[in-house]
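Working notes, beginning with the structure itself.
The values are calculated or read from the model by the stated rules, or taken from the named source; none is laboratory data. Just so it is clear, the model here is predicted, and its values are computed rather than measured. Glycine gets a Cβ as well: all are built from the backbone with ideal geometry, and neighbour counts include every protein chain shown.
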Amino acid sequence: MRLVTYAAPAKIILSGEHAVVYGKPALLLGIGYHCAVTVSAAKRLDAPLPPHEQIVLDVVRNALKKEKHPLSSEPVSLSVENAIPIGRGLGSSAAFSAAAVGALLHWYTGKEPSKDRINSLAYIAEKHFHGNPSGADNTASCYGGLIYYRKEFEFLKTISALNAKLPAVFENRLLLIDTGRPEESTAKMVQSVAQRYNSDPQGSDRLLSKIEKCTKRLVVSVVTEDAELFGKCIQENQEHLQALGVVSKAASAMLTQLAGYGVGKVTGAGGKASGGGYLLFYCTDRAATEAYLRSHSLPFLPVVQDIHGVHCRQSV
Ligand code: MEV
């Protein structure tokens, strides 16, 4: 039986979530939790594909049809193995889109597609899922590593893979701490920032410019390995996200509780009513922070960077 499997990593946003929807830059990192999608020929009694799988299949088939690529009409089946926490700001949907697009393109064309190609179709799928995404999440998932991303217009996106890896001084001190699944979807959170923007465009513009500055300083801190500046930017970024209205009570309470252990920020869309997704937490002393989190039964994950992005796991 023919099988094609692609895997794509989760992402964290070090700085620039929400602002990136307004043309500001964001700094992202691919991290080592993956979603893998396997394509095979469907069996006769297989149930129809779930809607999100059908959407990606349609995106890929439509793109190939436009290019007049010969397309087999044999039905396919997708199986998904996902190790990325869902709906908590780590880009599970973007990783699914990237892996599914990669596997389906390979299935129909018989060869490995480029990352650029996977990324542009994963972005179309993400638009079906989230309405008006910036494209930052799928880009980080496709390329992996440290990505500086900016969408000026639909036709002008700057994707710079920073040649630096995230230095160990930062990677070893970063943890992801779960504050619970947000009630709101990413689309809802993007909408709530849009409402804020419409009711106070000038104030919101000022805030977005502050986030932009913060993102740029964070890039400098990473490149120069300036640990103090890095921590300052994380903290400042969190203050701006708070002002933007995307930090739930659960997330800010957790940061207050952990204030003696370091600084942190929401990563991803955030939340309002209940959980705030994962916090990106920069510890002063990692062992002491982990001991505290364990003794209080607070779930957390290490940050391990993924430098590969979407890739083919098997084609047999
Ligand atoms: C979600 O991970 C990041 C947001 O900036 C939305 C987007 O970029 O599309 C909140």
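For this structure, a couple of remarks:
- Among the residues listed as E67, E53, E74, the single one being surrounded by 19 or more Cβ atoms within 10 Å (Cβ to Cβ) and either of a type in the set (S, T, Y) or out of contact with any Asp or Glu (no Cβ under 6 Å at 6 or more places or on another chain) (or both): E53
- Subset of segment 1-50 [within 26 Å of Y278 (Cβ to Cβ) and without any contact (Cβ under 8 Å) to a residue 24 or more places away in the chain]: P50
- Considering (1) in a helix (DSSP H, G or I); (2) away from the ligand (no atom under 16 Å from the Cβ), the lone condition that A98 does not fulfil carries the number (2).
- Hey, D137 closer than 17 Å to P9 by Cα and at pLDDT 95 or above or not: yes
- Selection count, segment 161-200, where residues are touching a strand residue (DSSP E or B) at 6+ places or on another chain (Cβ under 8 Å) and touching a residue at least 40 places away in the same chain (Cβ under 8 Å): 13
- Taking segment 152-177 as the range and being at pLDDT below 95, within 16 Å of the ligand (Cβ to nearest atom) and surrounded by 14 or more Cβ atoms within 10 Å (Cβ to Cβ) as the test, the residues that pass are K157, I159.
- Residue satisfying all of: in segment 16-30; within 11 Å of the ligand (Cβ to nearest atom) and at negative phi; surrounded by the most Cβ atoms within 10 Å (Cβ to Cβ) among these: E17
- Odd one out for Q202, checked against (1) assigned to a helix (DSSP H, G or I); (2) within 15 Å of the ligand (Cβ to nearest atom): (2)
- Among all positions in segment 181-198, there is no residue which is more than 14 Å from the ligand (Cβ to nearest atom) and small (G, A, S).
- The test for being more than 12 Å from the ligand (Cβ to nearest atom), at pLDDT 95 or above and outside any helix (DSSP H, G or I) holds for V80.
- Filter result (surrounded by fewer than 24 Cβ atoms within 10 Å (Cβ to Cβ) and within 13 Å of V56 (Cα to Cα)) within segment 125-142: K127, H128, F129
Yes/no matrix, rows are residues, columns are (1) more than 13 Å from the ligand (Cβ to nearest atom); (2) surrounded by fewer than 24 Cβ atoms within 10 Å (Cβ to Cβ); (3) over 19 Å from K216 (Cα atoms):
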| site | (1), (2), (3) |
| --- | --- |
| A250 | yes, yes, yes |
| T256 | yes, yes, yes |
| Y261 | yes, yes, yes |
| V266 | no, no, no |
| G270 | no, no, yes |
| G277 | no, no, yes |
| C283 | yes, yes, yes |
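- N132 outside any loop (DSSP other than H, G, I, E, B) and either within 12 Å of the ligand (Cβ to nearest atom) or under 20 Å from Y6 (Cα atoms) (or both): no
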